[in-house]
Amino acid sequence: MIKLKTVSEIDAMAVAGKAAAHALRAMKSVAAPGMTTMDLEDIARSELQTHNARPALLGYHPRFSKVPYEFATCISVNDEVIHGLPSRQRILREGDVVGLDLVADVDGWLADTAITIVVGKGSPKAQKLLSVTQEALRHGIAKATAGAKMGDISSAVQRLVERNGFGVIRELSGHGVGTEVHEEGIDVPNFGIAGKGLPLQVGMTFCIEPMVTAGAPGIKHRPGDPWAVVTRDGSIGAHFEHTVAITESGARILTALS
């Protein structure tokens, strides 16, 4: 059952979205060689608290995992595409590609967002991967209008990514969000056929999140790690995400600062 949101409920999600966006900006502004990924986790927790938000991932126990998640953020480095665990032992180095992902909760309303950054000066290939993935997110959001189909979003993402020679991960997708991290009834694949799929309605709220690799799109779980998803060929990955709402006037981005 898809939970359609009222205007006031969407406004409430936007409050959470702004808190999440501030936390990402704070992490990005300080990320530097020599820091640990747990340092960034600490900054995110502090920033969320400043904005009266709770980290919704902390203690989250989805059906697909045997254990609850123990952190406020997912911080994924280089070949980790998503769900990397913050650690005091993981030291950032010049040129690392780092995905920053979190979900903010304000008064029971949630918003999910992610960016990928380069620590210091990255390689030209890394810079292009990030630019293309972010642009694919913008292309997908532009198609998120009432009366369109989910395939319009999916195909827009896929075309942009593959036209630039990168790989679209097919096993992972965006999802519904609102009062839960993953709301049932909405999946947002990053590949598909325009004009096909779920009809988009006013009041839908979901995450659009291209997950892209610099090499082949195959992924796997790292042995012994119940969370991190890594590329099979060791290539770097990128992940950008916004929570959006379908409104009468088009897509409203709920996790933007402006």
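The values are calculated or read from the model by the stated rules, or taken from the named source; none is laboratory data. Here the structure is a predicted model, which means the values were calculated and not measured. Backbone-built Cβ (ideal geometry, glycine too); neighbour counts: all protein chains shown.
Some observations on this one:
- Within the stretch 162-180, the set of residues being assigned to a loop (DSSP other than H, G, I, E, B), over 8 Å from Asn190 (Cα atoms) and small (Gly, Ala, Ser) comprises Gly165, Gly178.
- Listed by first and then second residue, the pairs linking a residue in the stretch 165-191 that is closer than 19 Å to Ala114 by Cα and at pLDDT below 95 to a residue that is part of a loop (DSSP other than H, G, I, E, B) and aromatic (Phe, Trp, Tyr), with Cβ atoms under 9 Å apart and 6 or more places separating them unless they lie on different chains, form an empty list.
- Close pairs from the stretch 1-21: first over 19 Å from Gly250 (Cβ atoms), partner assigned to a helix (DSSP H, G or I) and not small (Gly, Ala, Ser), Cβ under 7 Å, at least 6 apart: Ala19/Leu48
- Considering residues of the stretch 45-58 that are of a type outside the set (A, V, I, L, M, F, W, C) and more than 18 Å from Gly84 (Cβ to Cβ) only, the residue surrounded by the most Cβ atoms within 10 Å (Cβ to Cβ): Glu47
- Taking the stretch 43-136 as the region of interest, the strands (runs of 3 or more DSSP E) fully inside it that hold 3 or more residues being under 15 Å from Met27 (Cα atoms), touching a residue at least 12 places away in the same chain (Cβ under 8 Å) and in contact with a His (Cβ under 8 Å, 6 or more places away or on another chain) are 97-106, 109-118.
- The one condition in (1) over 25 Å from Ala216 (Cα atoms); (2) under 15 Å from the mean Cα position of the chain (by Cα) that Asp107 fails to fulfil: (2)
- Output for the stretch 191-206, where each listed residue is crowded, with 24+ Cβ neighbours inside 10 Å and under 18 Å from His139 (Cα atoms): Thr205, Phe206
- For the stretch 207-231, the candidate set comprises residues that are touching a helix residue (DSSP H, G or I) at 6+ places or on another chain (Cβ under 9 Å) and not in a loop (DSSP other than H, G, I, E, B); within that set, the residue that is surrounded by the most Cβ atoms within 10 Å (Cβ to Cβ) is Met211.
- Answer residue from the stretch 116-136, given it is among the aliphatic types (A, V, I, L, M) and crowded, with 24+ Cβ neighbours inside 10 Å and is farthest from the chain's Cα centre (by Cα) among those: Leu129
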